[in-house]
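The values are calculated or read from the model by the stated rules, or taken from the named source; none is laboratory data. This one's a predicted model, so the numbers in the text were calculated from it and none came from an experiment. Backbone-built Cβ (ideal geometry, glycine too); neighbour counts: all protein chains shown. Ligands, DNA and RNA are excluded from the accessible area calculation, which covers all protein heavy atoms including side chains. Shrake-Rupley method; radii C 1.70, N 1.55, O 1.52, S 1.80 Å.
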Amino acid sequence: MASIQKRGSKWFAQVCKSGTRKSGTFSTKAQATAWAAITEAEILSGGIKQKVDKTLMDALERYAVEVSPSKRGARWELIRVNAWKRLPFANYKLDSVTTPILAEWRDNRLKTVQPSTVNREMNLLSSVFEQARREWQWIDKNPTRDVRRPPQPKHRERIFSKTEQNAIVEALG
C-alpha cells in the first residue's frame with residue numbers, strides 16, 4: 001500500500017512492498033497516486049529490486065546464530081564459519097561474491113587440503129548462500145551453483161589384520 005501525503009505545496013508518495021522501498025515528490029496528488037500504482041506493480045512483478053546491502057560476513061554471522069546450532073555438526077560448522085570470516089571476500093556485498101571469486105578460492109584451497117575437504121566446505125558455503133537466497137531473500141542467485149567441484153577421491157577399502165580379527169572375535173564371545 002502506498003503512502004501519499006501533502007508536504008507544503010508538493011505531494012510525497014512512498015511505496016514499500018516485499019522489502020523494497022521507493023519514494024518520490026510530485027506536483028499533484030493524481031501524479032503521486034499514478035506513480036505509486038505503477039511502482040507497486042513493478043516491485044511485485046520483480047522489475048524493481050532493493051539494492052543488496054548485506055555482506056557475506058552478515059550472512060555467515062546470521063547463519064552461525066540461526067541455522068548451525070540446530071545441526072548435528074554445529075561445532076564443525078561454527079569453526080569453519082569463523083575461519084571464513086577472515087577470507088578477503090568476507091566483507092564483499094553478497095551480490096558481489098561471484099562464481100570466479102569462489103573458483104579462485106577453491107583453487108587456492110586445493111593447494112593446502114584434499115578435494116574432499118574442499119567439497120565439504122563448498123557444501124557449507126552453498127548452504128549459507130541458499131539460506132540467504134531462500135529464507136532471508138538477500139540475493140537472487142547462489143554463486144556456488146556454477147563453481148565446478150573437485151572430484152571425490154576413491155573410497156578406502158579397509159581390511160582387518162589377523163590381530164584385529166582375533167580381537168573382534170574375542171570381544172563378541
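With all protein chains present, how much of the accessible area of the chain (probe radius 1.4 Å) comes from carbon and sulfur, to the nearest whole percent?
With neighbouring chains kept in place, the figure for the chain is 51 percent.
Beta carbons within 10 angstrom, averaged per residue: use that to sort the peptides 54-65, 138-149, highest first.
My ranking of the peptides, most packed first, is 54-65, 138-149.
Over the alpha-carbon set of the chain, work out the extent along each principal axis and list the three values in angstrom, largest first.
Extents along the principal axes, in whole Å: 94, 37, 27.
If you take the alpha carbon radius of gyration of segment 1-99 and divide it by 2.2 N^0.38 Å, what ratio comes out, to two decimals?
1.62
Greater than 27 Å separation of Cα atoms is the criterion. Which listed pairs, K29/K141; K17/K54; K111/K154; K22/K93; K10/K54; K22/K85, meet it?
Violating the 27 Å Cα-Cα cut-off are K29/K141; K10/K54; K22/K85.
About the Cα centre, and with charges only on the beta carbon of Lys, Arg (+1) and Asp, Glu (-1), how big is the dipole of the chain? Nearest 20 debye, please.
Result for the chain is approximately 380 debye, rounded to the nearest 20.
Give the angle, between 0 and 90 degrees and rounded to the nearest 10, that separates the Cα long axis of helix 29-45 from the longest principal axis of the Cα atoms of the chain.
Helix 29-45 and the main axis of the chain meet at about 20 degrees.
May I ask you to give the solvent-accessible area per residue for the chain, in square angstrom, as obtained with a 1.4 angstrom probe?
On the way: 11660 Å² over 173 residues.
Heavy-atom SASA per residue in the chain reads 67 Å².
What nm value, rounded to one decimal, do you get for the distance between N108 and Q137 when each label is placed 7 Å out toward the C-beta?
3.4 nm
I'd like the orientation of helix 115-134 relative to the chain: the angle between its Cα long axis and the longest Cα principal axis, in ° from 0 to 90, rounded to 10.
30 degrees
Taking the simple approach of a point 7 Å from Cα along Cα-to-Cβ for both N123 and T33, what is their distance in nm?
Taking the two extended label points, one gets 5.8 nm.
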